[in-house]
Amino acid sequence: MNESHITEAVARTAAGTVSFPEVVAALVAAGVEYYHIDYIAMRQTCYSATGETFTLPLGLAATTPVAADFNAAELQAAIRDSQQHGQKFADFTRRARQAGVQGYYAFLRGQRVTYLGRQGDQHVEWFPGAKP
């Protein structure tokens, strides 16, 4: 994996200067197969197909606590705002934490994201245009 390209993509995401499709393309080009966002530790871990890992801070402050209860409807509204209106990652992060998301796995090759709540709740969201 190209750690400098990953670091740049994560920094651009935190700054709100890159869309989700653009960051996915950058991470795939850097050798990332999937990644995990940890909203408790505010870190991102990237995984390659060969088993390499690279962990770095999200570059955002955790200003909103992760809600105890998972609210899938609130999460889906935040996802739609990102997809349809270009919501910035910092705003998505705040809303996801308010919806009880403690973290998620983005499976780039699998074209889906699995969101996780603090009590084991899950929501799977397919990338736009991808199908189960």
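Being surrounded by fewer than 18 Cβ atoms within 10 Å (Cβ to Cβ), touching a His at 6+ places or on another chain (Cβ under 7 Å) and within 22 Å of G117 (Cα to Cα) is the requirement here; does T45 meet it?
Numbers: surrounded by fewer than 18 Cβ atoms within 10 Å (Cβ to Cβ): yes; touching a His at 6+ places or on another chain (Cβ under 7 Å): yes; within 22 Å of G117 (Cα to Cα): yes.
It is true that T45 is surrounded by fewer than 18 Cβ atoms within 10 Å (Cβ to Cβ), touching a His at 6+ places or on another chain (Cβ under 7 Å) and within 22 Å of G117 (Cα to Cα).
Contact annotation: residue pairs with Cβ atoms under 8 Å, 6 or more positions apart or on different chains, pairing a residue in the range 117-129 that is touching a residue at least 24 places away in the same chain (Cβ under 8 Å) and within 18 Å of F107 (Cα to Cα) with a partner that is loosely packed, with under 12 Cβ neighbours inside 10 Å and among the charged types (D, E, K, R), are G117/D69.
For the range 95-123, the set of residues classified as at pLDDT 95 or above, charged (D, E, K, R) and not in a strand (DSSP E or B) consists of R95, R97, R118, D121, listed by residue number.
Select from the range 88-124 the residues that are polar (S, T, N, Q) and in contact with a Gly (Cβ under 9 Å, 6 or more places away or on another chain) and write down the one among them that is nearest to I37 (Cα to Cα). Outline the logic, then answer.
Just the residues of the range 88-124 that are polar (S, T, N, Q), to begin with: 93, 98, 102, 111, 114, 119, 122.
Filter once more, keeping what is in contact with a Gly (Cβ under 9 Å, 6 or more places away or on another chain): 102, 111, 119.
Working: Q102: 9, Q111: 16, Q119: 17 Å.
If we take residues in the range 88-124 being polar (S, T, N, Q) and in contact with a Gly (Cβ under 9 Å, 6 or more places away or on another chain), then Q102 is nearest to I37 (Cα to Cα).
Against the criterion of being among the aliphatic types (A, V, I, L, M) and in a loop (DSSP other than H, G, I, E, B), A90 does not qualify.
Once the range 50-71 is narrowed to residues that are crowded, with 17+ Cβ neighbours inside 10 Å and in contact with a strand residue (DSSP E or B) (Cβ under 7 Å, 6 or more places away or on another chain), the residue that is modelled with the lowest pLDDT is L58. For the range 9-34, the candidate set comprises residues that are within 17 Å of V113 (Cα to Cα) and of a type in the set (S, T, N, Q); within that set, the residue that is surrounded by the most Cβ atoms within 10 Å (Cβ to Cβ) is T13. If the condition is being under 17 Å from F92 (Cβ atoms) and in a loop (DSSP other than H, G, I, E, B), then the range 40-53 contributes I40, M42.
Looking only at residues that are out of contact with any helix residue (DSSP H, G or I) (no Cβ under 9 Å at 6 or more places or on another chain) and not hydrophobic (A, V, I, L, M, F, W, C) in the range 67-83, which one is nearest to D121 (Cα to Cα)? Show your work before the answer.
Quick first cut of the range 67-83, residues out of contact with any helix residue (DSSP H, G or I) (no Cβ under 9 Å at 6 or more places or on another chain) only: 68-70, 72-73, 76, 80.
Filter once more, so that each one left must be not hydrophobic (A, V, I, L, M, F, W, C): 69, 76, 80.
Details: D69: 9, Q76: 14, R80: 20 Å.
Looking at the filtered set, the residue picked out is D69.
One residue alone among I79, I37 is surrounded by 13 or more Cβ atoms within 10 Å (Cβ to Cβ), assigned to a helix (DSSP H, G or I) and touching a strand residue (DSSP E or B) at 6+ places or on another chain (Cβ under 7 Å), and that residue is I79.
Only residues that are of a type in the set (D, E) and touching a residue at least 24 places away in the same chain (Cβ under 8 Å) were counted across the range 57-81, and they come to 2. Taking each residue of the range 82-102 that is within 14 Å of L58 (Cα to Cα) and looking for partners that are in a helix (DSSP H, G or I) with beta-carbon atoms closer than 6 Å, six or more apart or interchain, yields F89/T13; F92/A78; F92/S82.
The values are calculated or read from the model by the stated rules, or taken from the named source; none is laboratory data. Just so it is clear, the model here is predicted, and its values are computed rather than measured. Neighbour counts run over all protein chains shown; Cβ positions are idealised from the backbone, glycine included.
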